[in-house]
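Here's the structure, in structure tokens; my notes come after.
The values are calculated or read from the model by the stated rules, or taken from the named source; none is laboratory data. Because the structure is predicted, anything quoted here is derived from the model rather than measured. In this analysis, Cβ positions are derived from the backbone assuming ideal geometry, glycine residues included, and neighbour counts consider all displayed protein chains.
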Amino acid sequence: AILVAVACAAPAPSVASGSSSMPTGQASQDQILRGRFLVVSHACGDCHGGGSNPAAFGWLDGLRDTLTQQFRVGPFVTRPKNLTPDNTTGMGRFSERQIFNALRYGLRPEETPDVEITSTVPGQGNFPQHPHYLAIPMPWPSWRHMPDQDLWAITAYLKSIKPVNHKVQDSDGPPDFWAGEYTVAKIGPYPAVGYPTANEKR
């Protein structure tokens, strides 16, 4: 489950979303292979198609089996999107930065500007006042803690694979685009609290 900031109750540290090579140059083969490893090892294909096998039919091209791939969250049905770089039905129309922002901040790339995000607080800096978050169960609250270079590697890999024209129906969702589910009280702060906390001291 790939495509992985928060509605913070208090100001958070300024965020610099990466200085890796993707925004300024072509991805390297090593970067793409690192991204492939992360996508496979983090079970993106379990939701988005193909399981852990990049050679499988439907690899990362989104919902095909409504029994095993779609999810019911309360009254809503959410559907894994096509992650291949198809320009009309996949992620080909999004920039590397928009994909990075989806992984780091949970922001839907189709509704988020192609900019470096400078805050984690809605309405502060250039973080959207009313963010449109990725649908549950996309685990971006965990992915956001990954190093920048890993998120850029995932982005590079997703941009490198074969585009597949496969339209997935939009997910259902609440009017607040899941903002009520992505508060600090529910998913914790980003960046994480500094080490060591009281729970980590012996």
Checklist entry - Would you call ASP46 more than 18 Å from the chain's Cα centre (by Cα), modelled with pLDDT of 95 or more and acidic (Asp, Glu)? => result no
Checklist entry - Just a yes or no: is a residue in the range 16-30 at pLDDT 95 or above and not small (Gly, Ala, Ser)? => result yes
Next on the checklist: It is to be established whether one or more residues within the range 81-89 are within 17 Å of the chain's Cα centre (by Cα) and within 21 Å of ILE187 (Cα to Cα).
Outcome noted: no
Item to check | Hits in the range 48-67 - residues which are touching a helix residue (DSSP H, G or I) at 6+ places or on another chain (Cβ under 8 Å) and surrounded by fewer than 19 Cβ atoms within 10 Å (Cβ to Cβ) | outcome: GLY51, SER52, ASN53, PRO54, ALA56
Item to check | Filtered residues of the range 161-201 (kept if over 17 Å from the mean Cα position of the chain (by Cα) and assigned to a helix (DSSP H, G or I)) | outcome: GLY180, VAL184, ALA185, LYS186, ALA198, ASN199, GLU200
Checklist entry - Based on what the data block shows, is TYR182 in contact with a Gly (Cβ under 7 Å, 6 or more places away or on another chain) and farther than 30 Å from LEU33 by Cα? => result yes
Checklist entry - Can you tell which of LEU33, LEU38, LEU60, LEU67 is over 26 Å from ALA179 (Cβ atoms), at pLDDT 95 or above and not in a helix (DSSP H, G or I)? => result LEU60
Checklist entry - When only residues in the range 68-116 that are among the hydroxyl-bearing types (Ser, Thr, Tyr) and surrounded by 17 or more Cβ atoms within 10 Å (Cβ to Cβ) count, which is farthest from LYS167 (Cα to Cα)? => result TYR105
